[in-house]
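Novice: Let me give you the structure first, and then I'll get to my questions.
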Amino acid sequence: MLRDNKSDSLFRLNHYPPSPPELQLQLQPFLGGRSQLLGFGEHTDPQIISVLRSNDTAGLQVCLRDGTTWVSVPPDRSSFFINVGDSLQVFTNGRFRSVKHRVFADPTRSRVSMIYFGGPPLSQKIASMEGLMEEGEESLYKEFTWCEYKKSAYKSRLGEYRLGLFEKAVAGR
Ligand SMILES: O=C(O)CCC(=O)C(=O)O
Ligand SMILES: [Fe+2]
């Protein structure tokens, strides 16, 4: 899907300028009680896979399964950080999780990151892959195309759990 010449992949370059204490103080009324300046609000990536490379300035955090604990990802300019996207969560019927992440600006140093977001062609059906499913396992998600998901994701707020709209209602969940 990613190699398809109609693949809907994109490349993003992010720059988070330093946010020195004076600036943080000035912006205090807008920080919502946080002590640091948010560079990129919490979200999951909608595509299949994201491959990120950054300079050696910290700032990226991922949210653990409990939904409230945030853990800093140590920056490493010689490594790639691979992130599962919402579509891969659906392809694997929830075995791989699309992790919520966010970025804080560093007080003294700029952070630069570049990310390749591997997305499928617009007409691609996003559905749990038969070959991965155990016998009798039900798909957790309704069927949809990448185009439908993308439209819905771009209409939603950044931090929303966008897959929620595409989950099947299962008793007890
Ligand atoms: O800049 C980063 O480290 C992450 C940015 C990000 O999550 C995104 O562009 O989707
Ligand atoms: Fe992201």
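Novice: With every protein chain kept in the model, how would you rank L52, L122 by accessible area, 1.4 Å probe, largest at the top?
Specialist: Values: L52 25, L122 80 Å².
My answer, sorted largest first, is L122, L52.
Novice: Another question about this same structure. For R65 and M129, what is the calculated FRET efficiency with R₀ set at 30 Å and r taken between the beta-carbons, to the nearest 0.05?
Specialist: Values: r = 23 Å, r/R0 = 0.75.
Using R0 = 30 Å, I get an efficiency of 0.85.
Novice: Before I look further, what does the chain give for accessible area per residue, probe 1.4 Å, in whole square angstrom?
Specialist: Numbers: 10450 Å² over 173 residues.
Computed with neighbouring chains in place, this is 60 Å² per residue.
Novice: At a probe radius of 1.4 Å, what is the per-residue accessible area of H101, in Å² to the nearest 10?
Specialist: That residue has around 20 Å² of solvent-accessible surface.
Novice: Further, regarding this structure: Keeping the other protein chains in place, figure out the carbon and sulfur percent of the accessible area of the range 2-121, with a 1.4 Å probe.
Specialist: On the way: 3750 of 6510 Å².
Ligands and nucleic acids excluded, carbon and sulfur give 58 percent.
Novice: Still on this structure, please answer the following. Starting from the Kirkwood Rh over alpha-carbon pairs, what translational D in µm² s⁻¹ does the range 90-173 have by Stokes-Einstein at 20 °C and 1.002 mPa s?
Specialist: On the way: Rh = 15.4 Å.
Taking Rh from Cα pairs, D becomes 139 µm²/s.
Novice: Okay, moving on. Quote the FRET efficiency, to the nearest 0.05, computed for L2 versus S152 with a Förster distance R0 of 25 Å and r equal to the Cβ-Cβ distance.
Specialist: On the way: r = 21 Å, r/R0 = 0.85.
With R0 = 25 Å, the Cβ-Cβ based efficiency is 0.75.
Novice: Next question, about the same structure. Please go through the residue pairs K125/K150; K125/K151; K6/K155; K125/K168 and name each one whose alpha carbons sit more than 18 Å apart in this structure.
Specialist: Working: K125/K150 12 Å; K125/K151 14 Å; K6/K155 23 Å; K125/K168 16 Å.
Those over the limit are K6/K155.
Novice: Could you check which residue among Q28, Q124, Q89 shows the biggest mean-square fluctuation in a GNM of the chain with a 10 Å Cα cutoff?
Specialist: Comparing Q28, Q124, Q89 in a Gaussian network model of the chain, the most mobile one is Q28.
Novice: Using +1 at the Cβ of each Lys and Arg and -1 at the Cβ of each Asp and Glu in the range 2-121, identify which of T69, S79, L37 lies farthest towards the dipole's positive end.
Specialist: Selected residue: S79.
Novice: Further question on the same structure: Using a 10 angstrom cutoff on alpha carbons, build the Gaussian network for the chain and name the most mobile of N93, N14, N83.
Specialist: Comparing N93, N14, N83 in a Gaussian network model of the chain, the most mobile one is N14.
Novice: What Kirkwood Rh does the chain have if only Cα atoms enter the pairwise 1/r average? Answer in Å.
Specialist: 17.6 Å
Novice: Just by accessible area at a 1.4 angstrom probe, what is the order of T145, T68 from largest to smallest? Walk me through the numbers on the way to the answer.
Specialist: On the way: T145 40, T68 105 Å².
Largest accessible area first, the residues go T68, T145.
Novice: Counting other C-beta atoms within 10 Å, and keeping those with at most 15, which DSSP coil GluC sites (Glu not before Pro) do you find in the range 78-173?
Specialist: On the way: sites: E130, E134, E135, E137, E138, E143, E148, E160, E167; in loops: E134, E135, E137, E138, E143, E160.
Counting only loop positions with at most 15 other Cβ atoms within 10 Å, the GluC sites (Glu not before Pro) in the range 78-173 are E134, E135, E137, E138, E143, E160.
Novice: Would you work out the relative contact order for the chain, in percent, from Cα pairs under 8 angstrom that are 6 or more residues apart? Mind dumping the intermediate values first?
Specialist: Numbers: 346 pairs, mean separation 52.9, N = 173.
Value for the chain: 31 percent.
Novice: I've got another one for you. Apply the Karplus parameterisation 6.51 cos²θ - 1.76 cosθ + 1.60, with θ equal to phi minus 60°, to every residue of the range 33-48 and state each ³J(HN,Hα) to the nearest whole Hz, in sequence, with x for glycine and proline.
Specialist: x, 7, 8, 10, 8, 6, x, 8, x, 5, 5, 10, 8, x, 6, 7
Novice: Using the alpha-carbon atoms, what tilt in degrees (0 to 90, nearest 10) does helix 146-155 show relative to the longest principal axis of the chain?
Specialist: Rounded to the nearest ten degrees, it is 40.
Novice: Follow-up. Could you give the length gained by full extension between Q24 and F80, i.e. 0.36 nm per residue of separation minus their alpha carbon distance, to one decimal place? Mind showing how you got there, number by number?
Specialist: Values: separation 56, 0.36 × 56 = 20.16 nm, distance 3.01 nm.
Computed gain between Q24 and F80 is 17.2 nm.
Novice: State the extension gain, in nm to one decimal, for the chain segment bounded by K168 and R109, taking 0.36 nm per residue of separation less the distance between their alpha-carbons. Before the final figure, lay out each step's value.
Specialist: Working: separation 59, 0.36 × 59 = 21.24 nm, distance 4.44 nm.
Contour length minus the Cα-Cα distance gives 16.8 nm.
The values are calculated or read from the model by the stated rules, or taken from the named source; none is laboratory data. Since the model is a prediction, treat every value here as computed from it, not as a measurement. A quick note on method: Cβ atoms are made from the backbone with ideal geometry, for glycine too, and the neighbour counts reach across all protein chains shown. We work out accessible area using only protein heavy atoms, side chains counted, and drop any ligands, DNA or RNA first. Shrake-Rupley method; radii C 1.70, N 1.55, O 1.52, S 1.80 Å.
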